[in-house]
Amino acid sequence: AQPRRRRRGRSRQGDAALVTMPDGTTLLIDGGGRPRFAGGSDQREYGSIGERVVSEYLWSRGLDSIDYVMATHADADHIDGLNDVLRNFRVRSAIVGRQPSGDPEYTRFAETLRNAGVGTQVVQAGDVLRFGTVEVEILWPPADANSGSPSRNDDSVVVRIKFGERSFLLTGDIEKAAEAVLVTGSNNLTSDVVKVPHHGSRTSSTVPFVSAAQPQLAVISVGRNSMFGHPHREVVERWQAVGAEVLTTGHSGTITITTDGKDLAATTFMPE
């Protein structure tokens, strides 16, 4: 499942995807948040996305605990909301690809983890996580001997989740450079569902990457009126050209995808 929620007329964007396994295990990949800019206002002036959107959604599902949270990278619109989730829910463990030293967003996240008594697992390309009959393959980032390396867009954790005959590719904010390595490597990128990289930005979704993924459904996590102009038209058309139906959270609200390992169904919900 890949839930998202956005309110009409807002320019907010971010990523938050809840994966619920057949055995009940829950994995929250990113927690949303408001992008910060030099000299700009803190998102809390507008209300916390992690509290008002992500936690609210999890509560609506009747959850009081999350087994695992994964921060794909340290951008505020992906990692900041996880701080609220860690304060509001019991969490077993956190999963990251990098532990960047000196990064203010990651430092805040690490402090919240410590306060909550939650441990951290660092993953890298080639690792495989198994949750019952579900396999989560880590495709990116590559191993780095320096555990304090930066956690930028192209360092995002990329996972391919397999259950039965179905697969889901979640891509964080990777851009052209990471996409090129993934395409030329030995990875199988073909997936039924793709979380489109970087909110549908021109910096990502290159023709080779889109052609390698070949999804039937492409989900773009983006505000209805993105301040960045996301998703860009040529990016949407690129995914459509390979036969994918494109759904955006800005227009569809919460997007939920369910599968029994064979059949696949998608539903949407836009709050009034």
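Brief remarks on what is shown
- Scanning segment 136-170 for residues that are free of Cβ contacts under 8 Å to residues at least 40 places away in the same chain and part of a loop (DSSP other than H, G, I, E, B) yields 142, 143, 145, 146.
- Condition met for residue 237 (open to solvent by 10 Å² or more (accessible area, probe 1.4 Å) and within 17 Å of the chain's Cα centre (by Cα)): no
- Taken together, the residues in segment 232-254 that are part of a strand (DSSP E or B) and at pLDDT 95 or above amount to 3.
- Matching residues in segment 89-106 - criterion: being open to solvent by 50 Å² or more (accessible area, probe 1.4 Å) and modelled with pLDDT of 95 or more: 90, 92, 99, 104
- Search result, residues across segment 255-272 that are assigned to a loop (DSSP other than H, G, I, E, B) and open to solvent by less than 50 Å² (accessible area, probe 1.4 Å): 261, 270, 271
- Within segment 170-213, tally of residues that are buried (at least 16 other Cβ atoms within 10 Å of the Cβ) and in contact with a helix residue (DSSP H, G or I) (Cβ under 6 Å, 6 or more places away or on another chain): 17
- Residue within segment 220-230 that is under 20 Å from residue 264 (Cα atoms), in contact (Cβ under 8 Å) with a residue 24 or more places away in the chain, not in a loop (DSSP other than H, G, I, E, B) and not aromatic (Phe, Trp, Tyr) present: yes
The values are calculated or read from the model by the stated rules, or taken from the named source; none is laboratory data. None of the values given here were measured: they were computed from a predicted structure. Heads up, the Cβs are rebuilt from the backbone with ideal geometry, glycines too, and the neighbour counts pull from every protein chain shown. Ligands, DNA and RNA are excluded from the accessible area calculation, which covers all protein heavy atoms including side chains. Shrake-Rupley method; radii C 1.70, N 1.55, O 1.52, S 1.80 Å.
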